[in-house]
Structures are given as structure tokens and as C-alpha cells.
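Asker: Sending over a structure as C-alpha cells; questions will come in a sec.
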Amino acid sequence: MSKPKILIARAIFPEVIERLAQHFEVESNQLDEPFSREELVAKLQGKDGALTAGSDRIDASVLAACAQLKICANMAVGYNNFELDAMTAAGVLATNTPDVLTETTADFGFALLMATARRITESEHFLRAGKWNRWSYDMFSGAEIHGSTLGILGMGRIGQGIAKRGAHGFGMKVIYHNRSRLDAALEAECKAGYVSKEELLRTADHLVLVLPYSPASHHAIGAVELALMKPTATLVNIARGGIVDDAALAQALREGRIAAAGLDVFEGEPQLNPDLLRVPNVVLTPHIASASVPTRMAMANLAADNLIGYLKDGKPLTPLNPAVLAPQ
Ligand code: 8YV
């Protein structure tokens, strides 16, 4: 019997490709040039499955042109590159990679918060530029982390990981806002108190964004929200580009309406608003929050396990639209 055919749409670890090749006929984009929509459709012809990344958009028009496709396994926990309703309607299973990246991403969120509030990259640029010729009492003095108020917008698994780090590791007071309130036991575990979005914005010394992107969360932080924040506050976005209005943020940073921002994700990435490059009080990283070697390996393996589980036995590990699995 011939093997099912899959496309690996972006480069991944060779050992994971070898695993997949034991089960499937594999076409792999190891050159890692992201496919245009037309290229993706062409490459998906005759494929039963695809291992995708955030840059691969699977929407109704792609699905309509790829009749044989049965599963797209995203190597990411976020799946705003998937039009999930259209996938369900087309009978195409969607999977993501939850849990395996939670702690690593929470670590990074905290690292970005520390770098931003304590002005680590800004001071390193100063030093590398040969500008450090004497100590001074206020040189690169930033905001306090320990004992301050940590605000979290979006309290899923990663948000909870950040809350625990703040509360238990740094003695921070943690407040959060989420679509739904956590149950009392989880709130106690995270030592986190539920507040309205407005109170979160007004009260947080450091605000970390960890909510999923959807049309409803588009520009959840714009000029109005930034104006509610403390002028001494820091803002950290490890969620998705588009949740923050980057133009409004650049302006707020330029005008000192908030103290600093740490951004791992951008509207229209990998391009970014050039105004962000012109303000010194922002730490910029290229969407690397989950990028530890073991975690990226775990993500790739979970995506592979979803392809193998579904195409071999009809049993994916982490389905997003299990309606596709329901018996007809
Ligand atoms: C991915 C992420 O690396 O998991 C997510 O949602 O944002 C990152 O961990 C990125 O989406 C690439 O697919």
C-alpha cells in the first residue's frame, strides 16, 4: 500500500523529518522560504496532510483548492493562521501544540519583562557603542520588578505560568483580566486576583499580554488603553502581532506616556513598524518566546505525532476541531 503524502511547509529538525518519512511520503521545504498562497496551494496538491507554521495561512480558498487534504498540524499553540470554521466545514482536521511550550514561553515572557523594565538591551547598546565613560547615580535606572504589580491580559496556561513566576518568585502582586474568570483553586495557585480590563490597565506596573489573536482582540491595546496606563508602566507583548496597535504604541513610547515596552510579536511581522526602531525604550525580539531547543523539538514532535496519529489511526493528540473526528 502506498504511504499517505504530507507537506512540511517550513524547515524543521531533520530527525523529525526522518520520523515522518517512516510513515509518509514527505515533501519538505528545508530551504525555508515561506510559500506564497499560490505556492502553498500548488505544493498541497495530492497531499493528505501538512505540517504548518504560523506563516502558512489555511483558509477557505486554500481548502477549496486542495480536495485531498485531511489534516493541518500547526507547529504552534496559536492558530490564527487557520480559518477553523472553514477547516471544520471542509472536514480538515486542525491540530496545534499546547502544553509543551507553556513553561518555556512563560520563562521568556518574564525575561522580556525583566529586560524591558531594567533597560538591559538599551544599556548594552550604549556600552557596545563605546559611550560608557563613567558611572552615574541614575544611569539606566528603570522600574522595580519585585514587589510591584504585575498585570496579565489573557490568563490561559502561559498567563498562569507568568503569574506564578511573578507571585512566587518575585513577590509581585498579580492581577489579571480574561474572557472568563479562573476558578478559585487556580486563582489561589497563581496568587492572582481578577479585575476589569480598565482596572488592569490603570493599576499594573507591568502589563504582559498573553491572549490569543482574533478579530475580537485586534488592537486590544491601542491609544485609548495606553492612555490609561501609568507613565511608569512597562508593556510586554508575547501574544500576537495585531493585539497591540504598534503605531499607537510607538507614539506613546516616544512621548513617554508609558515607560517602556518589550515586544516579541509585531503587526505584519517579520516586517515591523519603523517607528518602533526609532524609539530607545523598547526591547525587540523576533518571535522567539518558545525558542528553546528542547521545546522547539517537542513542538515539532507533537505536530508530527498529530499527523501520524490521525493519518494512521484516526487518533490525533491535540485536535482543535474534534467535530471532524465525530462518527458520521
Ligand atoms: C511559534 C507561537 O514559534 O506557538 C505559538 O503560538 O507563537 C510560537 O511558539 C510560532 O507561531 C511559529 O509557528
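Asker: Run through segment 85-163 and list the chymotrypsin sites (Phe, Trp or Tyr not before Pro) located in a DSSP loop whose Cβ has at most 16 other Cβ atoms within 10 Å.
Answerer: Passing sites in segment 85-163 are W132, W135, Y137, F140.
Asker: Same structure, new question: List every residue whose amide H lies under 5 Å from the amide H of G242, counting only residues 5 or more places away in sequence or on a different chain, with H placed 1.01 Å from N in the peptide plane.
Answerer: Close amide H contacts, sequence-distant or interchain: E267.
Asker: Quote the charge dipole size of segment 102-284 about the Cα centre in Debye, to the nearest 20; the model charges only the Cβ of Lys and Arg (+1) and of Asp and Glu (-1).
Answerer: Dipole of segment 102-284, to the nearest 20 debye: 320 debye.
Asker: Search the structure for amide H atoms under 5 Å from the amide H of L93, placed 1.01 Å from N in the peptide plane, and list their residues when 5 or more places away or on another chain.
Answerer: I71, C72
Asker: What residue among W132, A204, A86 has its Cα farthest toward the positive end of the dipole of the chain, where the charges are +1 on Lys, Arg and -1 on Asp, Glu, each on the Cβ?
Answerer: Going by the Cα projections, it comes out as W132.
Asker: Counting Lys and Arg as +1 and Asp and Glu as -1, each charge on the Cβ, what is the dipole of segment 258-328 about the Cα centre in debye, to the nearest 20?
Answerer: 200 debye
Asker: Calculate the length of the line joining the C-alpha centroid of segment 216-235 to that of segment 270-328, in whole Å.
Answerer: Measuring centre to centre over Cα atoms gives 26 Å.
Asker: Continuing with this model, one more query. Are there any GluC sites (Glu not before Pro) in segment 134-197 that are in a DSSP loop and have at most 14 other Cβ atoms within 10 Å? List them by number.
Answerer: E144
Asker: Another one. Jot down the per residue volume, in cubic angstrom and as a whole number, of the convex hull over the alpha-carbon atoms of the chain.
Answerer: Per-residue hull volume (Cα only) is 153 Å³.
Asker: Stretch K131-A89 to full length: gain in nm at 0.36 nm per residue minus the Cα-Cα span?
Answerer: Separation in residues times 0.36 nm, less the Cα-Cα distance, equals 9.2 nm.
Asker: Using DSSP to call loops (not H, G, I, E or B), can you name the trypsin sites (Lys or Arg not before Pro) in segment 105-157 whose Cβ has at most 15 other Cβ atoms within 10 angstrom?
Answerer: K131, R134
Every number here is computed from the coordinates shown, using simple stated rules; none is lab data. The model shown is predicted, which means the values in this text are computed figures rather than measured ones. Note: ideal-geometry Cβ built from the backbone for every residue, glycine included; neighbour counts use all protein chains shown.
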